[in-house]
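Peer 1: Supplied in structure tokens, the structure appears directly below.
The values are calculated or read from the model by the stated rules, or taken from the named source; none is laboratory data. Computed from a prediction, not measured in an experiment: that's the story for all the values here. With ideal geometry, Cβ positions are generated from the backbone for all residues, glycine too; neighbour counts draw on all protein chains shown.
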Amino acid sequence: MKGVIGMWTICFHEFKGLFKSIKSIIIVAIIFGVTYWTADLMTTITDRLDVNTGKDGYATGIASIVFLLGFLFISSLSHDVINREVSTRTMRFLVTKTSRVKIIIGKYLGIWLFWFFCIFTSFVLIAFVSKNFLWWGILECMGFISVAIAYNLVFSVIFPKPAITMFFGVVFALAFPVLSFLVIHSNNVFISWFKFFTPYYYALLGDFYILVNFVYAIGLLMLGIVLFNRRDL
């Protein structure tokens, strides 16, 4: 019971901490701004051209910004989620209160809840315009974000210093989407297999394939736990 309490304490501490960052406020404002602009644009197109753009058209803005900039946003806010605590030796205190597994899960859930709040609120804004709540759009975005958060956490476990994860996280966030789309559309059998290791592939397949990203995220989270258990603090 003590470990569970510690896990949720870490979770909500991480969740609240993200709202106190200026970068978080700016990123949330960008997401909400793009969401509102896209919904307003879709309404204008529908009214003026008298065409049915479809319910999913209203979610285009939020989905695009998540897929294109999701890794960059998450890295900029949480690149040091683990190694920051290790560098300041706070982690040594935490491991005396709860297990390493619950620390990793608590950190992950805290970041996940922050992004769920942002995405959910964005779709609520869309619902006011589209007159329909796009649950599937939330599932699609959160599946992708779940993978991005897990990658970010693994990097923070692997690299000892926050400055390194900040640099590597930005480079990865810029390169990974480009490489992913290249291999997805490549006919080269020697590199096309890489598409199965990118969340973009399952997001583009759509339908129930987007659920694969949640399994993908769990696999990465388990990798992070294994690496963290082997790390000296």
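Peer 1: If a residue has to be of a type outside the set (Asp, Glu) and closer than 20 Å to Leu68 by Cβ to count, how many in segment 121-145 make the cut?
Peer 2: Here the count works out to 15.
Peer 1: Go through Ser156, Ser192 for me and flag whichever is more than 21 Å from Ile104 (Cα to Cα), small (Gly, Ala, Ser) and not in a loop (DSSP other than H, G, I, E, B).
Peer 2: Details: Ser156 fails: more than 21 Å from Ile104 (Cα to Cα).
Within the list Ser156, Ser192, the selection yields Ser192.
Peer 1: Does Leu153 fit the bill of being buried (at least 21 other Cβ atoms within 10 Å of the Cβ), touching a helix residue (DSSP H, G or I) at 6+ places or on another chain (Cβ under 7 Å), under 30 Å from Arg92 (Cα atoms) and not acidic (Asp, Glu)?
Peer 2: yes
Peer 1: Exactly one condition in (1) at pLDDT 95 or above; (2) of a type in the set (Ser, Thr, Tyr); (3) surrounded by fewer than 16 Cβ atoms within 10 Å (Cβ to Cβ) is false for Ser186; which is it?
Peer 2: Result: Ser186 passes all but (1).
Peer 1: Among residues belonging to segment 212-233 that are in a loop (DSSP other than H, G, I, E, B) and either on the phi > 0 side of the Ramachandran plot or in contact with a helix residue (DSSP H, G or I) (Cβ under 7 Å, 6 or more places away or on another chain) (or both), point out the one that is surrounded by the fewest Cβ atoms within 10 Å (Cβ to Cβ).
Peer 2: Leu233
Peer 1: So which residues in segment 195-211 are free of Cβ contacts under 8 Å to residues at least 24 places away in the same chain and assigned to a helix (DSSP H, G or I), if there are any at all?
Peer 2: Once the filter is applied, which keeps residues that are free of Cβ contacts under 8 Å to residues at least 24 places away in the same chain and assigned to a helix (DSSP H, G or I), segment 195-211 yields Lys195, Phe196, Phe197, Tyr201, Leu204, Leu205, Asp207, Phe208, Tyr209.
Peer 1: Is there a residue in segment 50-57 that is acidic (Asp, Glu), assigned to a helix (DSSP H, G or I), modelled with pLDDT under 80 and surrounded by 12 or more Cβ atoms within 10 Å (Cβ to Cβ)? Working first, answer last.
Peer 2: Filtering segment 50-57 for residues acidic (Asp, Glu) gives 50, 56.
Now drop any that are not assigned to a helix (DSSP H, G or I), which leaves 56.
Subset that is modelled with pLDDT under 80: 56.
Right, trim to surrounded by 12 or more Cβ atoms within 10 Å (Cβ to Cβ) and you get 56.
Scanning segment 50-57 turns up at least one residue that is acidic (Asp, Glu), assigned to a helix (DSSP H, G or I), modelled with pLDDT under 80 and surrounded by 12 or more Cβ atoms within 10 Å (Cβ to Cβ).
Peer 1: Identify, from the list Arg84, Arg100, the residue that is touching a residue at least 12 places away in the same chain (Cβ under 8 Å), more than 20 Å from the chain's Cα centre (by Cα) and surrounded by 15 or more Cβ atoms within 10 Å (Cβ to Cβ).
Peer 2: Answer to the selection: Arg100.
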